[in-house]
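Report on the following structure.
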Amino acid sequence: MPAADTPPFPRQLFIDGAWVDAADGQTFATTNPATEEVIAAVAQAGTEDVDRAVAAARRAFEEGPWPKMSASERGRIVWKIGQILMDRADEVARLETLDNGKPIFESRQIDIPSAADVFFYYAGFATKVHGETFPVSPRSFNYTLREPVGVVAAIVPWNFPLLLASWKVAPALATGCTVVLKPSSNTPLTALLLAEIAAQAGVPPGVLNVLPGPGGVVGDALAIHPAVNKIAFTGETRTGIQIMQKAAATMKKVTLELGGKSPNVILADADLEAAARGAYMGIFYGKGEVCAAGSRLLVEDSIHDPFMEKLIAITRKMQPGDPLDPKTKLGAIVSRKQQDSVMSYVESGKREGARLVAGGETAKVGGKGYFVLPTIFDDVANSMTIAREEIFGPVLATIRFKDEEAALATANDTPYGLAAAIWTKDVKRAHRIARALKAGTVWINTYNQYSAAAAFGGYKMSGLGRELGPHAIDSYTQIKSVWVDLG
Ligand code: NAD
């Protein structure tokens, strides 16, 4: 059970502005991965609940005040969601940490303030979504209206539960869409709290509905539902493909933020101290459960040994701890299943001949929890399973290269294209390589930087469309071309 000082939090479905049980009365347990204890029984939505929630969202879109109210008023409500998130940040962060196992310093200092920031950013956009006029002919006037797409199904994973929900909910609400949000079954709690906060901020009934439940049932029903206009999905590439196929039958707009196997390239002329910290944070931040994690470390031959020495020394100091302790930097893996999956990759690395130089074991804190020690493999070939597949845990695959050309070839030799980083003091070289990397985000002499203002999304199998920044507005709006006869 959560510690006694955890304030009460919602556990039911949120449909049409009301807390309700699942139509069939089902619940499921959500567990604290650091203690292996059940936090709460949460209502488990089924297809009947999907119908109820989509009908509410449809009604709110067609008949409710949300898309019709002044953009300024809507923007103020979206801003207020961010404000309440900040006012209640301690409580929200604690719930995120209990449910996900991530260190409280991450939830409190990064996830929750960043989520609030996404609401602040898109609140400002509400009044800046507009059409244009076009010089079509002397006898006609043509202009565009930029209108909300309608009902959005937002389907999110468990690694940044509230933050990734905010990436979808904030631009959807700002543009006047209505939303059905489906959190991961591993981490349903902060999505429900977001519904409470949105209602507190003045979001009308039906505009934001939240349905915890299994992806194969609730996510699937949303993907095929004829009254849903858009799917905004973050999760595995495999799931994204299924969703895109299902959504095709009703021509839904689809944005997909999928997996990655991002290369972090350390050139010999880099600041090696900074690069070692960047390589360390690039893979071990968030327990490596980060879509853009720098999970393939590419190191130039000539600096390989001194660089790896530095990296291994910092890594060995990183010990798992109680996620609620503000000093903890390495939390618990989200679930037993995910811990097993990470460890199966560690075994595959050993089996395929990579050299284990740090970690490689599970751990417990106070005798409990699904922890994995920060793990580094060296002498990895880019063809090995640990260099090809997304592990989604604290496991780094180190690959040597001999020159820039070889580094680029290896960096791009992956089905994914979510992110990449380069470490070098040579400015020309940095920009040249940034252009040649096939990835949606490139970091130069840094890693894991994000902002509500900066576009994020994948090349190749890492996704479709962009979230954040002004670009997201396109995915939540559609253009109507209006002709007027002036003849
Ligand atoms: P997942 O694909 O298993 O699940 C994501 C969401 O989809 C969950 O809510 C799940 O219940 C739902 N879902 C599962 N099957 C479904 C189906 N058939 N139809 C509809 N919905 C379904 O992913 P996960 O394990 O929760 O998350 C980890 C994955 O997410 C990793 O691959 C990671 O790279 C990716 N990710 C990507 C980004 C990004 O921005 N690109 C960010 C974070 C995580």
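For the stretch 180-238, residues that are open to solvent by 10 Å² or more (accessible area, probe 1.4 Å), away from the ligand (no atom under 16 Å from the Cβ) and of a type in the set (Val, Ile, Thr) total 1.
The set of residues in the stretch 32-45 that are surrounded by 21 or more Cβ atoms within 10 Å (Cβ to Cβ) and not hydrophobic (A, V, I, L, M, F, W, C) comprises ASN32, PRO33, THR35, GLN44.
Looking at the stretch 419-487, the strands (runs of 3 or more DSSP E) lying wholly inside it that each contain 1 or more residues that are within 17 Å of LEU298 (Cβ to Cβ) sit at 419-423, 441-444. Of all the listed residues (THR477, THR414, THR424), the sole one being farther than 24 Å from LYS252 by Cβ and in contact with an Asp or Glu (Cβ under 9 Å, 6 or more places away or on another chain) is THR424.
Where strands (runs of 3 or more DSSP E) sit wholly within the stretch 190-282, those with at least 1 residues that are at pLDDT 95 or above and over 21 Å from the mean Cα position of the chain (by Cα) occupy 263-266.
Quick check on the stretch 328-346: of everything there that is touching a helix residue (DSSP H, G or I) at 6+ places or on another chain (Cβ under 8 Å) and not in a helix (DSSP H, G or I), which residue is most open to solvent (accessible area, probe 1.4 Å)? Ranking the qualifying residues of the stretch 328-346, first place goes to LYS329. Within the option set ALA279, ALA248, ALA268, ALA292, being closer than 30 Å to ALA223 by Cα, in contact (Cβ under 8 Å) with a residue 12 or more places away in the chain and aliphatic (A, V, I, L, M) holds for one residue only, ALA292.
Considering (1) surrounded by fewer than 19 Cβ atoms within 10 Å (Cβ to Cβ); (2) among the small types (Gly, Ala, Ser); (3) under 30 Å from PRO157 (Cβ atoms), the lone condition that ALA93 does not fulfil carries the number (1). Being open to solvent by 20 Å² or more (accessible area, probe 1.4 Å) and touching a strand residue (DSSP E or B) at 6+ places or on another chain (Cβ under 8 Å) holds for only one residue in TYR416, TYR450, and it is TYR450. Checking the stated criteria, GLY260 turns out to be in contact (Cβ under 8 Å) with a residue 60 or more places away in the chain and closer than 20 Å to GLN338 by Cβ.
Restricted to the stretch 53-71, and to residues that are within 19 Å of ALA123 (Cα to Cα) and more than 28 Å from the chain's Cα centre (by Cα), which residue is most open to solvent (accessible area, probe 1.4 Å)?
Applying the filter and picking the extreme gives LYS68.
The conditions of being away from the ligand (no atom under 14 Å from the Cβ), open to solvent by 30 Å² or more (accessible area, probe 1.4 Å), small (Gly, Ala, Ser) and in contact with a Leu (Cβ under 7 Å, 6 or more places away or on another chain) are met by ALA436. Can you find even one residue in the stretch 243-253 that is touching a Phe, Trp or Tyr at 6+ places or on another chain (Cβ under 7 Å), within 12 Å of the ligand (Cβ to nearest atom), under 28 Å from LYS438 (Cβ atoms) and basic (Lys, Arg)? Scanning the stretch 243-253, I find no residue that is touching a Phe, Trp or Tyr at 6+ places or on another chain (Cβ under 7 Å), within 12 Å of the ligand (Cβ to nearest atom), under 28 Å from LYS438 (Cβ atoms) and basic (Lys, Arg), so the answer is no. ASP322 passes every criterion in (1) of a type in the set (Asp, Glu); (2) buried (at least 17 other Cβ atoms within 10 Å of the Cβ); (3) assigned to a helix (DSSP H, G or I) apart from (3).
For the criterion of being open to solvent by 10 Å² or more (accessible area, probe 1.4 Å), in contact with a helix residue (DSSP H, G or I) (Cβ under 9 Å, 6 or more places away or on another chain) and without any contact (Cβ under 8 Å) to a residue 40 or more places away in the chain, VAL427 fails. State yes or no: is ALA170 open to solvent by less than 10 Å² (accessible area, probe 1.4 Å) and either within 12 Å of the ligand (Cβ to nearest atom) or in a loop (DSSP other than H, G, I, E, B) (or both)? No.
Please tell me if THR133 is free of Cβ contacts under 8 Å to residues at least 12 places away in the same chain and surrounded by fewer than 24 Cβ atoms within 10 Å (Cβ to Cβ).
Judged against the criteria, THR133 is a match.
Quick check: is even one residue across the stretch 107-128 within 16 Å of the ligand (Cβ to nearest atom), assigned to a helix (DSSP H, G or I) and open to solvent by 10 Å² or more (accessible area, probe 1.4 Å)? Yes, the stretch 107-128 contains a residue that is within 16 Å of the ligand (Cβ to nearest atom), assigned to a helix (DSSP H, G or I) and open to solvent by 10 Å² or more (accessible area, probe 1.4 Å). Set side by side, the residues THR446, THR477 differ, and just one is on the phi < 0 side of the Ramachandran plot and assigned by TED's automatic domain parsing to the domain that holds ASP117, which is THR477.
The values are calculated or read from the model by the stated rules, or taken from the named source; none is laboratory data. Because the structure is a prediction, the values reported are computed rather than measured. FYI the Cβ positions are ideal-geometry reconstructions off the backbone, even for glycines, and counts take in every protein chain you see. Only protein heavy atoms, including side chains, enter the accessible area calculation; ligands, DNA and RNA are left aside. Shrake-Rupley method; radii C 1.70, N 1.55, O 1.52, S 1.80 Å.
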